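Undergrad: Shown below is the structure under consideration.
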Amino acid sequence: MSSRRAVNPTVTLLFGLLFSWHSIAGEKLPKGIMQLDGRQAPALVLEDMDGEVWDIGEARGRWVFVHFWAAWCGPCRREMPTIQAIYPQFDSGELEIVVINTAESEDKVFAFLAGVAPDLNPLMDKDGLVTERWQPRGLPATFLVDPSGRLQYLALGGRPWDSPDYLKFLQHIIDIK
Amino acid sequence: MPDPLINAITAALVLFAALGSQIAVADGKDRLKYEDAQVSMRLVLRTPEQLSAFYQGREFNQAAIDSILETCFITPIIHNKTLDVLWLELDNWEFAAAGRAVPRIKRDYWVDKWRAAELPQAHRSTFGWTLMPEVRDLRLDEGVGGSVVIPMQTEPFTMTANFHTGADRSGKIKTIVFEDLRCPVDEQ
């Protein structure tokens, strides 16, 4: 028998995660990004504009960018083009970008998104109750949910997601997975 | 002015000073704006016609819009520029007109109104998001905007916004006063 004991891969992974989280926690977050306490994300099961159901419970193993918005909200209108800009830059198997419209009609949503974010197919929170369950600090709001389904970050208000600091941050959290 | 009143005002000012508060009056060129190194705050006052247009655009029914137009909407937009935490707590805001306190209309006021107007849940949700949050610990560089509602006023009124500061609310209280405000009316 070898004198060296085999290292349990689970322990290795946990240590890796621990040190990875420590390293990101030690770095300065981009402006307006707030670290959360890692509590479990609330349920989120909604249909998109094509009637396809999306369930956050099936998104384990990847980061999810959960963005709440409404077309009447000025900061939402300014932020949405930056989300469209980053959408093709991430593999949805690593970071899935999900935009959730809060309580507006399909006509309103289509009229707005067709002009500024044609690649995004929003989930429709038709009665606004899912948004209320998530308790964002206003609209717009973006939560970053880690691969185990926990709330790790919240972006306060509209953020320029296509600017280098935010792209680097998103890539960083993916890389430490 | 009677002596007891002067004494009371003096005592209040001394108390404020002792508590380490900062009082600022928005009295610059634009009395709807205030800005210092820590905070910026501006007010938007929409006419009934503008309010109607906004909510009609969101497909609110006429009964709901009529309820909205019975009141006076003030929309502050606040940005915490440099403080670690600026506490928005609407219960610490005061409104006064003609020397009398004006009670703020709180969120629960709308529940019966919307029930009577048979306003759909989606519109109730949208309306809720257009109101200023009751409480918010505004972090560094965080902004917030939304409507604060009072009963319709025919006289000018004053809005006094008091903010605790610091994560544990132990910092100096910041007070921003907007004077001579009016509930807008449509131009004839």
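The values are calculated or read from the model by the stated rules, or taken from the named source; none is laboratory data. From a predicted model like this one, the values you see are computed outputs, not experimental measurements. Cβ placement follows ideal geometry from the backbone for every residue including glycine, while neighbour counts extend to all protein chains displayed.
Undergrad: I'm checking my understanding of the structure. Among residues of the range A:93-117 that are touching a residue at least 60 places away in the same chain (Cβ under 8 Å) and assigned to a helix (DSSP H, G or I), which one is surrounded by the most Cβ atoms within 10 Å (Cβ to Cβ)?
TA: Here the answer is A:V109.
Undergrad: For B:G57, indicate whether it is within 25 Å of A:K108 (Cα to Cα) and either exposed (fewer than 12 other Cβ atoms within 10 Å of the Cβ) or modelled with pLDDT under 60 (or both).
TA: So B:G57 passes the test.
Undergrad: Follow-up. So which residues in the range A:47-80 are among the basic types (K, R) and within 17 Å of the chain's Cα centre (by Cα)?
TA: A:R60, A:R62
Undergrad: Turning to a different aspect of this structure: For the range A:139-177, how many residues are surrounded by fewer than 18 Cβ atoms within 10 Å (Cβ to Cβ) and at positive phi?
TA: Total satisfying the criteria: 1.
Undergrad: How many residues are in contact with an Asp or Glu (Cβ under 7 Å, 6 or more places away or on another chain) and either of a type outside the set (S, T, N, Q) or facing chain B (nearest Cβ under 10 Å) (or both) when one looks only at the range A:106-139?
TA: Total satisfying the criteria: 4.
Undergrad: Okay, next question. Name the single residue that is nearest to the other protein chains (Cβ to nearest Cβ) among those in the range B:160-183 being touching a Pro at 6+ places or on another chain (Cβ under 8 Å) and buried (at least 17 other Cβ atoms within 10 Å of the Cβ).
TA: B:A161
Undergrad: Looking at (1) assigned to a helix (DSSP H, G or I); (2) within 14 Å of chain B (Cβ to nearest Cβ); (3) in contact with a Phe, Trp or Tyr (Cβ under 6 Å, 6 or more places away or on another chain), can you tell me which one A:T82 breaks?
TA: Exception for A:T82: condition (2).
Undergrad: Report, by residue number, each residue of the range B:40-69 that is more than 12 Å from every other protein chain (Cβ to nearest Cβ), in contact with a Lys or Arg (Cβ under 9 Å, 6 or more places away or on another chain) and over 22 Å from B:G143 (Cα atoms).
TA: Hits for the range B:40-69 are B:A63, B:A64, B:S67, B:I68.
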